[in-house]
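Okay, structure first, notes after.
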Amino acid sequence: MTIAPVVSSVRSPRRQGLGLRAVDRDEVGDIVATACARYPHIQATGDVADCTEALATLDTVWQSAVEALAAATSPDPRDIEMLSRVKSAITCIQSSQAERVDGALAGLCDAVADLDQIGEVTHLLDRAAIAAANLGFDRAMISSVNDGQWIPAAGHIDRDPAWAAEIVAAGRQHPEVIDASLPEAEMLRRLRPILVDDVGRLPRCYSAIIDVAKGQRYVAAPILAHRTVIGFVHADAFYRRRRFANSDIRLLGLFGEFLGATMSRLTMIEELRALHEQVDGISAHISELRRRWSGQTYRRPILTGTAAAAAPTAGGDRVRAANALTRREAEVLELVAQGATNAQIARALTISEGTVKGHVKHIFRKLGTANRAEAVSFWLRLVS
């Protein structure tokens, strides 16, 4: 017997249909049992739990009943009744499929509308985890991917918010390096969502997360920005323990694409806001210089001798040191001055905590400071 792969993409034939409702599963089972007794060439298929598999089984029973009617000299009421039952079961299953797909798409539209109202990246991740869980899942987690590291950023479990926080905290304490042995590497390579069917059969998993989450089966999708994976969204049906369909994988994939586009938009807006503030500062400075030159204000000039002119002022040193910082280092220093920890800075700028530490070291070296307190003091003197 061929064993199905543990990890599959949306194109896998293993999850073509939605899971059957209990009432439909019972009806299909009864039809198959009756058909096995009536038509010798039909064999029992065991428990049918998938809509597509059920429809295929019912089609076989339908063909058998039609062949029996065609071969008989007079119609047998049992075959006619069988056709009626099969037709009714097919109608119920197809209606159920349509309702559930419509419900899932409506959930995606609601999630998109909700996230579209958010104006800051820092508020987006928590809301995104809630929106992902509301797409028909029980639990969801949003993670960042930076420099080959996978770091959980937000999670949601409606029944147990404390458990969600514990899962995310476990991941933040132990960031995972993504290599080819992890199923998530498939998302980096193919930019597609995946289904992980059995964590226990994986060669390697994010054990820090799995040990706390206790999940065995999940769907995951890449968060894409300009065809680059900047994060992951994971979701499962831990409480309902239902089988996943291709519609689940596609739905989460669409959500990941929208989330990536939203993050890109908000990041651009924040950068434009910062640029606007910088331009406003320059404009104010130009206006002040114009007033000085026009005689509207007076600032006493300082006359210095040759020796004094040769020595740079402390303020000049500070300005030159600050100009040596890159844009990202300046952002990090500003957040440090606001009292943010490395973890908070990493989340705000969507980078890894290790990258933040590297930026902080460069800032210390360029400013000639020994610790965060000195760097903050430098920054406050500069902006004042």
Find all pairs meeting these conditions: Cβ atoms under 8 angstrom apart; at least six residues apart or on different chains; first residue within region 116-137 and among the polar types (S, T, N, Q); second residue in a helix (DSSP H, G or I) and open to solvent by less than 10 Å² (accessible area, probe 1.4 Å).
ASN134/ALA111
Which members of region 149-189 meet the condition of being part of a loop (DSSP other than H, G, I, E, B) and either among the aromatic types (Phe, Trp, Tyr) or touching a His at 6+ places or on another chain (Cβ under 8 Å) (or both)?
none
Which one is nearest to the chain's Cα centre (by Cα), of the residues in region 326-384 that are of a type in the set (Val, Ile, Thr) and over 27 Å from VAL168 (Cβ atoms)?
THR326
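Among the residues of region 207-217, how many are outside any helix (DSSP H, G or I), touching a helix residue (DSSP H, G or I) at 6+ places or on another chain (Cβ under 8 Å) and open to solvent by 40 Å² or more (accessible area, probe 1.4 Å)?
Initial filter on region 207-217 (outside any helix (DSSP H, G or I)): 214-217.
Then drop every residue that is not touching a helix residue (DSSP H, G or I) at 6+ places or on another chain (Cβ under 8 Å), which leaves 215-217.
Narrowing further to those that are open to solvent by 40 Å² or more (accessible area, probe 1.4 Å): 216-217.
Number of matching residues: 2.
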Considering only residues that are within 23 Å of ASN342 (Cα to Cα) and either open to solvent by less than 60 Å² (accessible area, probe 1.4 Å) or within 13 Å of the chain's Cα centre (by Cα) (or both), which ones fall in region 166-198?
ILE167, VAL168, ALA169, ALA170, GLY171, PRO175, GLU176, ILE178
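Okay, residues lined up against (1) touching a Pro at 6+ places or on another chain (Cβ under 8 Å); (2) not in a helix (DSSP H, G or I):
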| site | (1), (2) |
| --- | --- |
| VAL219 | yes, yes |
| ALA235 | no, yes |
| ARG243 | no, yes |
| LEU252 | yes, no |
| THR267 | no, no |
| GLU271 | no, no |
| GLN278 | no, no |
| ILE282 | no, no |
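Name the single residue that is most open to solvent (accessible area, probe 1.4 Å) among those in region 328-384 being part of a loop (DSSP other than H, G, I, E, B), of a type outside the set (Ser, Thr, Tyr) and in contact (Cβ under 8 Å) with a residue 12 or more places away in the chain. Write out each step before concluding.
First, pick out the residues of region 328-384 that are part of a loop (DSSP other than H, G, I, E, B): 338-341, 350-352, 368-371, 384.
Still in the list and also of a type outside the set (Ser, Thr, Tyr): 338-340, 351, 368, 370-371.
Among the residues that remain, those that are also in contact (Cβ under 8 Å) with a residue 12 or more places away in the chain are: 351, 368.
On the way: ILE351: 15, GLY368: 65 Å².
Here the residue is GLY368.
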Residue that is farthest from THR350 (Cα to Cα), among those in region 114-141 that are touching a His at 6+ places or on another chain (Cβ under 8 Å) and among the aliphatic types (A, V, I, L, M):
ALA133
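Count, please, the residues in region 165-184 that happen to be aliphatic (A, V, I, L, M) and either modelled with pLDDT under 90 or more than 19 Å from ALA346 (Cβ to Cβ) (or both).
Residues that pass the stated criteria total 2.
Among ARG127, ARG192, ARG204, which is the only one that is at pLDDT 85 or above and in a helix (DSSP H, G or I)? Talk me through it step by step, then tell me what you get.
Numbers: ARG192 fails: in a helix (DSSP H, G or I); ARG204 fails: in a helix (DSSP H, G or I).
Going through ARG127, ARG192, ARG204 in turn, the sole match is ARG127.
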Only one residue in VAL86, VAL112, VAL23 is of a type in the set (A, V, I, L, M, F, W, C), surrounded by fewer than 19 Cβ atoms within 10 Å (Cβ to Cβ), part of a helix (DSSP H, G or I) and touching a Phe, Trp or Tyr at 6+ places or on another chain (Cβ under 6 Å). Which one?
VAL112
Could you tell me whether any residue of region 46-61 is open to solvent by 80 Å² or more (accessible area, probe 1.4 Å), assigned to a loop (DSSP other than H, G, I, E, B), touching a residue at least 12 places away in the same chain (Cβ under 8 Å) and closer than 30 Å to ILE345 by Cβ?
no
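Filtering region 125-152 down to residues that are of a type in the set (D, E, K, R) and closer than 24 Å to GLY354 by Cα, which residue is surrounded by the most Cβ atoms within 10 Å (Cβ to Cβ)?
ASP126
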Going by the structure shown, is THR267 modelled with pLDDT under 80 and in contact with a helix residue (DSSP H, G or I) (Cβ under 7 Å, 6 or more places away or on another chain)?
yes
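The values are calculated or read from the model by the stated rules, or taken from the named source; none is laboratory data. None of the values given here were measured: they were computed from a predicted structure. Cβ coordinates were reconstructed from backbone atoms using ideal geometry, including for glycine residues, and neighbour counts include every protein chain displayed. The area values use the complete protein model at the heavy-atom level, side chains included, leaving out ligands, DNA and RNA. Shrake-Rupley method; radii C 1.70, N 1.55, O 1.52, S 1.80 Å.
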